[in-house]
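Asker: Can you read through this structure? Questions will come right after.
The values are calculated or read from the model by the stated rules, or taken from the named source; none is laboratory data. Everything quoted here is computed from the prediction, not taken from an experiment. Every residue, glycine among them, receives a Cβ derived from its backbone with ideal geometry; neighbour counts consider all protein chains shown.
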Amino acid sequence: MKTQLNRRHLLRGAGALIALPALESIGFRRFASAASTTPAAPAKRCVFLSIGFGVTKETWFPNREKTGTDYELSEGLAPLARHQADISVVQGCANEFSNEAHWGSTFWLTGANRYSVPGQNMANSISVDQVVARQLGRNTRFSSIQLNSSELQGHGPGLSLAWDQRGKPVAGENDPVQVFHKLFSADDLPLEQRQTAIAESRSVLDAVLGEAKRVQRGLSKTDTDKLDEYFQGIRDIETRLKKDEAWLEVPKAKAPLGEPEPGLKGKAEIEIMQDLIVAALQTDSTRSLTYRMPGQSLLQSLDLKPSAHNVSHYSPGPRMEASKIRDKTHSQLLARLIDKLKATKEVDGSSLFDHTAVAFGSNISSIHYLTNCPTILTGGGANLKLGQHLVLPKDTPLCNVWLTMLQGLGINALRHGDSTGVVKELQT
């Protein structure tokens, strides 16, 4: 192609092509051969789904004596039978430093030591989805998308499942209607006003940065550390502004689904959030998503009377039966998501499932137990060995699973959280 492309045109072109097939007529050729029409390989993506409170340990985990591919799904996992060859159930993992039995997701993706910072009773580190976002989210409109439920019993502190590189919480969205508009609705403000808003934000940042640098000299080590963290926050904002600027003139992808009904709760909310997850991946609006799923509203939508907290503290009787119904519903919903990922086709004829890694689970196994985190892995995005039941040595770092996923996604990570290595049984 002889057309001269400046930086602005290149950014606009790349963005506009995200939701389109690899069209030869607009330059998708191998430069070594003008006759080649091989399309670009579909992008890798990942999705993390957390259920907060744990599961019914007596009926959710498969029999520990039967591992590998020759195992039977448990009662709680039975709805996943049609996808058994495409899921791996992992037992034995835990986050070493977890000590809060009602915090099912705060450290689930980080494996951080809550007391790692002297003088603080709550510290965290980067979550695995944000490691993915920093690598795979460079060329998408949204580096990552964080989804929440409107009620979050059992999940613990945080604004979503995501924590940034400073261990600070990343905000999430809890309204499917707002998520839909964020992904697919055109911005109401004229381009000039949006450009002005970004310029004004830059001016404020420059002024604040200048003031901060003026007081930098003569500070104690503690204050210097605080100021360095402050500067990192400013750099993060600057990065977001640059991305916003790059996408200002790129229209959002056309929505592959209709606007959700307002006020959906429980099971209906999870279903529409699943649909939005698939739509976001299908249009390449993002390649990293997390979802803190509801507990209380799910039970209510199933006409179950016990609270999410009481169900998590089950004993034989109504609460345990409610816990088992909740488990089966989670499995039904996960099977539904897998169905949709398999049914959504890529440009090259493969499915979205083939290029998306999905992790489902919680930091809590059941009641107040923080060992043997329930973990299901599916999807082809991380090149994991699926269709098996693994029982790893007790208290294997859950971050070993996340590290294995990161490397399978093509991310050059040597460790994550408290990882001690990859899970070789998961590698293809």
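Asker: Is one or more of the residues making up the range 44-67 touching a helix residue (DSSP H, G or I) at 6+ places or on another chain (Cβ under 9 Å), among the charged types (D, E, K, R) and surrounded by fewer than 18 Cβ atoms within 10 Å (Cβ to Cβ)?
Answerer: Looking through the range 44-67, at least one residue is touching a helix residue (DSSP H, G or I) at 6+ places or on another chain (Cβ under 9 Å), among the charged types (D, E, K, R) and surrounded by fewer than 18 Cβ atoms within 10 Å (Cβ to Cβ).
Asker: Restricting attention to the range 375-428, which residues are within 21 Å of the chain's Cα centre (by Cα) and either of a type in the set (D, E) or part of a strand (DSSP E or B) (or both)?
Answerer: If the condition is that a residue be within 21 Å of the chain's Cα centre (by Cα) and either of a type in the set (D, E) or part of a strand (DSSP E or B) (or both), then T375, I376, L377, T378, L384, P397, D418, Q427 are the ones that fit.
Asker: Then there is this: Do we find that A133 is aliphatic (A, V, I, L, M) and either surrounded by 17 or more Cβ atoms within 10 Å (Cβ to Cβ) or outside any loop (DSSP other than H, G, I, E, B) (or both) in this structure?
Answerer: yes
Asker: Another question about this same structure. Which of the following residues is buried (at least 23 other Cβ atoms within 10 Å of the Cβ), farther than 13 Å from F180 by Cα and free of Cβ contacts under 8 Å to residues at least 60 places away in the same chain: L248, L299, L289?
Answerer: L299
Asker: W163 versus (1) among the hydrophobic types (A, V, I, L, M, F, W, C); (2) in contact with a Lys or Arg (Cβ under 7 Å, 6 or more places away or on another chain); (3) crowded, with 23+ Cβ neighbours inside 10 Å: which is the lone unmet condition?
Answerer: Among (1) among the hydrophobic types (A, V, I, L, M, F, W, C); (2) in contact with a Lys or Arg (Cβ under 7 Å, 6 or more places away or on another chain); (3) crowded, with 23+ Cβ neighbours inside 10 Å, the lone unmet condition for W163 is (2).
Asker: Looking at the range 357-374, which of the residues that are in a strand (DSSP E or B) and over 22 Å from the mean Cα position of the chain (by Cα) is surrounded by the most Cβ atoms within 10 Å (Cβ to Cβ)?
Answerer: Filtering first and then ranking leaves S366.
Asker: Residues in the range 292-343 that are in a loop (DSSP other than H, G, I, E, B) and touching a Pro at 6+ places or on another chain (Cβ under 6 Å): how many?
Answerer: Here is the first cut: in the range 292-343, the residues in a loop (DSSP other than H, G, I, E, B) are 293-295, 302-307, 313-317.
Checking which are touching a Pro at 6+ places or on another chain (Cβ under 6 Å) leaves us with none.
Within the range 292-343, residues that are in a loop (DSSP other than H, G, I, E, B) and touching a Pro at 6+ places or on another chain (Cβ under 6 Å) number 0.
Asker: Follow-up. Scan the range 279-320 for residues that are in contact with a Lys or Arg (Cβ under 9 Å, 6 or more places away or on another chain) and farther than 30 Å from M405 by Cα and report the count.
Answerer: Counting residues in the range 279-320 that are in contact with a Lys or Arg (Cβ under 9 Å, 6 or more places away or on another chain) and farther than 30 Å from M405 by Cα gives 13.
Asker: Which residue pairs have Cβ atoms under 7 Å apart, sit 6 or more places apart or on different chains, and have a first residue in the range 53-69 that is within 14 Å of S88 (Cβ to Cβ) and a second that is surrounded by fewer than 20 Cβ atoms within 10 Å (Cβ to Cβ) and of a type in the set (F, W, Y)?
Answerer: Pairs found: P62/Y71.
Asker: Still on this structure, I have one more. Suppose the filter is surrounded by fewer than 23 Cβ atoms within 10 Å (Cβ to Cβ), over 17 Å from N99 (Cα atoms), in the same structural domain as A85 (by TED's automatic domain parsing) and modelled with pLDDT under 95; does G349 pass it?
Answerer: Judged against the criteria, G349 is a match.
Asker: Go through (1) among the polar types (S, T, N, Q); (2) surrounded by 17 or more Cβ atoms within 10 Å (Cβ to Cβ); (3) modelled with pLDDT of 95 or more for Q153 and report which single condition fails.
Answerer: (3)
Asker: Next question. Just wondering, is there one or more residues in the range 174-196 that are under 20 Å from S362 (Cα atoms) and either of a type in the set (G, A, S) or modelled with pLDDT of 95 or more (or both)?
Answerer: The answer is yes, given that some residue of the range 174-196 is under 20 Å from S362 (Cα atoms) and either of a type in the set (G, A, S) or modelled with pLDDT of 95 or more (or both).
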